[in-house]
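Encoded as structure tokens, the structure appears first; notes follow it.
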Amino acid sequence: MTQDTETNPTDTDAAPSATIKSYRQRFKTFTAIPAVGRDRGDVLAEMEEMKSLEDRGWEGGHASGCVYHGDKEHVDFLNKVYAINSQTNPLHADLWPSAVKFESEIVAMTANMLGAAESGAEPGTPEEICGVVSAGGSESIQLAMKTYRDYARDKRGITRPEMIVPTTAHAAFDKAAQYFGIEGIHIPVGDDFRADVAATEKAITDNTIVIVGSAPPFPHGLIDPIEELSELARARGIGFHTDACLGGFVLPWAEKLGYDVPPFDFRLPGVTSMSADTHKFGYAAKGTSVVLYRGHELRRYQYFTTTEWPGGFYCSPSFAGSRPGALSAECWAAMVTIGEEGYLDATRRILETATKIKKGIADIPELYVIGDPLFVIAFGATELDIYKVMDAMTERGWSLNGLYKPACVHLCTTLRHTQPGVAERFIDDLKASVAHVKANPSAQGGQAPMYGMANTIPDRGVIADAMTKYLDNLYRLS
Ligand SMILES: Cc1ncc(COP(=O)(O)O)c(C=O)c1O
């Protein structure tokens, strides 16, 4: 259900569960600001203790996605960069021109990587590929959808906006639909698990403001037919957004390394916006992403400006007001220190590891890989409950993502998995997990019942309720 988190959606019982509230007994709980401040050394020691417990979850390569780089030297460097820039705030550009430099260059470098130079739009002109740094993939997506809504209202008089989104596109598109009053029209994926072009064409109406494709989508990692989809949009003067949150910092390098990567970026004339996450395979710390637009005019619909506020003339490019400039500094520092050479090497290692893992899964007779993905490997089972296999993997220390429609599980390969022996350990544990489930087919517990239910019951209100309780629990103290 979730990604980029270690959360457990079954932690929905009345009392906060051991998994997400595991520190209740171990550390003092603060329900009010302490009368006298605590000793800094004690606070640091406590945090070091939590960190050492939590690092175990991902350092050795047991988690799907989540931490994309994580090498100590890289993390130490980013932490130094954060420390130098911790007081900066891009909202006050006059005080911190460094933040302006970092963010404009992050956008330029990302645009360049994603085909700006071959987009047909001259750099330095109002038609150029331009963008904004956001706080993450979901924010980039929401910003883009809000932008299309406002653009379409202004230019085309659309007051009942619709966006066409493949079912495999990230949940952030539904969130945008909910937040901004846009109707999300969901298009099924074909037998190949990629967006259905014919169904998309049929779904276009006079109210369509944008069509979406992902490169790749989170669930099965299989890149949508972006060329065909973006052409449908271009022919009708509709916007097209490529969500490359996951693949934006992998696919350009994969292509250079000779992998078969279908066109997905601004080299396609119909692509009018993109999202690409620096905090995933850009190897920046968590908290940055880039949203790009074809031309300044479109980007302007993202901005907020007011001249009426007694607090002064106010403008901001994205949802936040004050923002952590240190995260942009870290992001910039990651990009310029890794360089093309570093990204190519990282991508080569990830794709070679993913190939090994894919083959290992395909060789297990009870399992099958969905399609031929590059680095997000989804797999199902022929005669077993795949969620029980996932639970058995959890028992062995792995943190995989459960998916449904169809019932499957995925591993998003990152640099953590390229460490020696990780791919082999994954396959060995997977074989052992399959054997365990075969030997104990009726064992209960774990996440299997929840996912099993999601696959079978048409009314998922129960599960939605459970998720709401789960969110409540995050903030409960007792
Ligand atoms: C394809 C895709 N788009 C968007 C997102 C959302 O990114 P974030 O979790 O940074 O908001 C993700 C996250 O995994 C993703 O895989």
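Each label was represented as a point 7 Å from its Cα along the Cα-to-Cβ direction; for ALA235 and LYS155 these points are 2.0 nm apart. Using a Förster distance of 25 Å, how high is the FRET efficiency between GLU227 and LEU257, based on the Cβ-Cβ distance and rounded to 0.05? Step by step, r from the Cβ atoms, then E = 0.75. Take the Cα of MET50, go 7 Å toward its beta carbon, and none of the backbone nitrogen atoms of the stretch 272-301 fall under 11 Å from that spot. For the listed peptides 187-196, 125-134, a ranking on the average number of other beta carbons within 10 Å per residue, highest first, reads 125-134, 187-196.
Using a simple spin-label model with pseudo-atoms 7 Å out from Cα toward Cβ, LYS202 and ARG267 lie 3.3 nm apart. The residues of the chain expose on average 47 square angstrom of accessible surface per residue, using a 1.4 Å probe on protein heavy atoms.
Per atom type, the chain shows carbon and sulfur on 54% of its accessible surface, probed at 1.4 Å. Beta bridges per DSSP, both residues in the chain: antiparallel share near 55 percent.
For the residue pairs LYS175/LYS358; LYS72/LYS280; LYS21/LYS469; LYS72/LYS356, the C-alpha atoms sit more than 20 angstrom apart in LYS175/LYS358; LYS72/LYS356.
Could you pull the accessible area for ASP76 with a 1.4 Å probe, rounded to 10 Å²? Accessible area, nearest 10 Å²: 70 Å².
The lysines within cross-link reach of LYS388, meaning a Cα-to-Cα straight distance under 19 Å and a gap of 8 or more places when in the same chain, are LYS405, LYS431, LYS438. Using a simple spin-label model with pseudo-atoms 7 Å out from Cα toward Cβ, GLN444 and ASP192 lie 4.4 nm apart.
Per-residue packing, averaged as other Cβ atoms within 10 Å, sorts the ranges 426-436, 332-342, 247-257, 103-113 into the order 247-257, 103-113, 426-436, 332-342, beginning with the highest.
Charges were assigned to the Cβ only: +1 to each Lys and Arg, -1 to each Asp and Glu. The resulting dipole of the chain about its Cα centre is roughly 820 debye.
For a Förster distance of 41 Å, can you work out the FRET efficiency between the beta-carbons of LEU477 and GLU105, rounded to the nearest 0.05? In this case the efficiency is close to 0.40. Extension gain for the segment ARG38 to THR167, taken as residue separation times 0.36 nm less the Cα-Cα distance, is 41.5 nm to one decimal.
The mean sequence distance of close C-alpha pairs (under 8 Å, at least 6 residues apart), as a share of the length of the chain, puts its relative contact order at 20 percent.
Note on PHE27/GLU59: beta-carbon distance plugged into 1/(1 + (r/R0)^6) with R0 of 30 Å gives a FRET efficiency of 0.90. Expressed in Å, the radius of gyration and Dmax of the Cα atoms of the chain are 22.8, 70.
The values are calculated or read from the model by the stated rules, or taken from the named source; none is laboratory data. Quick caveat, the model's predicted, so the values are computed rather than measured. Methodologically, a virtual Cβ is constructed for each residue, glycine included, from the backbone with ideal geometry; neighbour enumeration extends over all protein chains shown. With ligands, DNA and RNA removed, areas are computed over all heavy atoms of the protein, side chains included. Shrake-Rupley method; radii C 1.70, N 1.55, O 1.52, S 1.80 Å.
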